[in-house]
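As structure tokens, the structure follows; a few thoughts come after it.
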Amino acid sequence: MNRLNRHETALLQSIHKLKEKSGAHSPSVHELIHKKVSIDIQIDACFLSNPYATDLFLSYFQHDLLSDLSRLRRYLENYPSQNRFIAEMLSGYLQMPANNIFVGNGSSELIQAALHYFTRDKMIVILPTFSSYYEFVQDGVEVIFYRLDKQKDFELDPEVLIDLAKREKPNTVVLINPNNPNGGYLTYEQVGRLLHALSRIQGLENIILDESFIHFSYEDPSLSFQSASSMFNDFRARLIIIKSMSKDFGVAGIRAGYAIMDQRKIDLLLKTGYLWNISGLAQYFFELFTEDAFLKAYKQVRVRYIQETQAFFKILGTIDGIKTYPSLANFALIELLGGLKADEFFARMLLDFGVYTRNCDDKIGLDGEFIRVASRKKHENDAVIRAIQTFLRNRQS
Ligand SMILES: *Cc1c(COP(=O)(O)O)cnc(C)c1O
């Protein structure tokens, strides 16, 4: 690596320290600002959200709340509605009875709830994965990993998973579709067949299907997405669909998510708490789902973002020296080739170009040097491509 000067070394060290405190996650921008880490992040290609959706939310927020402080006051001064009221509000948008909807303070809270209250003995998790799925398990639960093979582009083979589940007889299976961190996608039909086969396995009580990135996927030219929620009734005894609103709606700070599950499971959770578990601002956000105008505008920013994202991945795929894995999420997993280290790539992208990427060296189940790059606005994606090309060219010469 080009030798780092003292200032650069100190910066990387402070980022490294913050990263260690954040566990398996990247430090948030708040921490970087709070700790006065003086790096100039021009493009945050680490955080996985649709920036156009954030713009849309902000325009509603400004119109509805900032220019009407008495209304804002109502959300901040009062208790928000209880879980059941918010579920009723989402029922129309989700075309799902309210008694199958459970809202969470971010979907992380729902992952935690499912793992703590429903998961027993043994669980199968696909690797690589979103780390909470093995970090939040309770002591005594054995976690079995199905490692995706990079030689097969990290594609999940439903038959392998079914065989593993038959052999291991887990209580819970976790699927993420599209998967984080690689973006691999199972079609609606594949998911249906998997759910069908898994449902026949004795003792398997929970199939957790995390669809937090499903809005970035599509199967046909209309770019509409296919959520397994339309199959919920067929698998209701076991299926738990988990959905974060952080990424597709670009509002991670609001902490909003929901799960679709059997009413008996919801009743059990409600008995343990979760009364006012979402904030007033999350309530405001969920209220937007009853507004046709908002949903229509969201549809537009969703489609625009997908088109730009896929165009971005296509160009990344043509760059020599890196391998971009197929993704139907809003991020791409990139393998660095020819001896290039993830540490070096991360550092130079940040220090020389202000591009903040996700160094995946802490992700278990990734064998090699990997970086994850999120899609942002088009001009930012263009800048990321220029930065990668310039960096690789300078390195060769
Ligand atoms: C980010 C993420 C979550 C958590 O999102 P919240 O902000 O807690 O709603 C859940 N699942 C996956 C796969 C994620 O990537």
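Rank ASN105, PRO128, TYR79 by how far each Cα sits towards the positive end of the charge dipole of segment 1-136 (+1 on Lys, Arg Cβ; -1 on Asp, Glu Cβ) and give me just the farthest.
Most positive-ward Cα: PRO128.
Calculate how many DSSP beta bridges within the chain are antiparallel, expressed in % of all such bridges and rounded to the nearest 5.
On the way: 18 of 38 bridges.
Around 45 percent of the beta bridges assigned by DSSP in the chain are antiparallel ones.
Apply the Karplus curve 6.51 cos²θ - 1.76 cosθ + 1.60, θ = phi - 60°, to the phi angles in segment 147-155 and return the couplings in whole Hz, x for Gly and Pro.
With the stated coefficients, segment 147-155 comes to 7, 6, 9, 5, 4, 9, 6, 6, 6 Hz.
Do any chymotrypsin sites (Phe, Trp or Tyr not before Pro) in segment 141-221 lie in a loop, going by DSSP, with at most 16 other beta-carbon atoms within 10 Å of their beta carbon, and if so which? Walk me through the numbers on the way to the answer.
Values: sites: PHE145, TYR146, PHE154, TYR185, TYR188, PHE213, PHE216, TYR218; in loops: PHE154, TYR185, PHE213, TYR218.
Hits after loop and neighbour filter: nothing returned.
Which shape class, rounded, prolate or oblate, goes with segment 65-136 when its Cα gyration tensor gives a ≥ b ≥ c as root eigenvalues, a/c under 1.5 marks rounded, and past that a/b bigger than b/c marks prolate?
Numbers: a/c = 2.77, a/b = 1.99, b/c = 1.39.
Here segment 65-136 falls in the prolate category.
In segment 134-292, what percentage of the DSSP-assigned beta bridges are antiparallel, given to the nearest 5? Present the calculation step by step, with values, prior to reporting the outcome.
On the way: 4 of 13 bridges.
Taking every DSSP beta bridge with both residues in segment 134-292, the antiparallel ones total about 30 percent.
Treat every Asp and Glu Cβ in the chain as -1 and every Lys and Arg Cβ as +1, leave all other atoms uncharged, and give the resulting dipole magnitude about the Cα centre to the nearest 20 debye. Before the final figure, lay out the partial values.
Details: 46 positive and 47 negative charges, 94 e Å.
For the chain, the charge dipole is close to 460 debye.
Å³ per residue of the Cα convex hull, for segment 1-105?
Working: hull volume 20.7 nm³, N = 105.
That works out to 197 Å³ per residue.
Based solely on its DSSP helices, what 222 nm [θ] is calculated for the chain when runs of n ≥ 4 H residues each add -39,500 (n - 2.57) and the sum is averaged over all residues, nearest 500 deg cm²/dmol? Intermediate values should be presented prior to the final figure.
Details: 14 runs with 166 residues, N = 397.
When only DSSP H runs of four or more count, the value is -13000 deg cm²/dmol.
Considering only DSSP states other than H, G, I, E and B, which chymotrypsin sites (Phe, Trp or Tyr not before Pro) in segment 104-144 qualify as loop sites with at most 16 other Cβ atoms within 10 Å?
On the way: sites: TYR117, PHE118, PHE130, TYR133, TYR134, PHE136; in loops: PHE118, PHE130, PHE136.
The qualifying sites are PHE136.
From the P(r) of the chain, could you give the percentage of C-alpha pairs in the tail past 39 Å? Write down the numbers at each step before the final one.
On the way: 14094 of 78606 pairs.
In whole percent, the long-distance tail amounts to 18.
Towards the positive end of the charge dipole of segment 316-368, with charges on Cβ (+1 Lys, Arg; -1 Asp, Glu), say which of ALA342, ALA332, THR357 has the farthest Cα.
The listed residue farthest towards the positive side: ALA332.
Treating cross-link reach as a plain straight distance, find the lysines whose alpha-carbon is under 24 Å from the alpha-carbon of LYS17, omitting any fewer than eight places away in the same chain.
LYS35, LYS36, LYS341, LYS363
If contacts are Cα pairs under 8 angstrom and at least 6 residues apart, what is the relative contact order of segment 158-232 in percent? Display every interim value, and only then the final one.
On the way: 86 pairs, mean separation 26.3, N = 75.
35 percent.
For the chain, calculate the relative contact order in percent as a whole number, restricting contacts to Cα pairs under 8 Å that are 6 or more residues apart. Could you put the intermediate results ahead of the total?
Numbers: 668 pairs, mean separation 90.4, N = 397.
Computed value for the chain: 23 percent relative contact order.
What is the spread of the Cα atoms of segment 39-184 along each of their three principal axes, largest first, in whole Å?
59, 42, 31
Need one word for segment 240-350: rounded, prolate or oblate. Basis is the Cα gyration tensor (sqrt eigenvalues a ≥ b ≥ c); a/c below 1.5 gives rounded, then a/b vs b/c decides.
On the way: a/c = 2.68, a/b = 1.87, b/c = 1.43.
In terms of gyration-tensor shape, prolate.
Using 1/(1 + (r/R0)^6) with R0 = 22 angstrom and r between the beta carbons of SER70 and SER279, what's the FRET efficiency to the nearest 0.05?
Working: r = 19 Å, r/R0 = 0.85.
Once the sixth-power term is evaluated, E becomes 0.75.
Laboratory data are not the source of any read-out in this text; all were calculated from the coordinates shown. Being a predicted model, the structure only gives us computed values, none of them experimental. Counting neighbours? That spans all protein chains shown, and the Cβs are built from the backbone with ideal geometry, glycine included.
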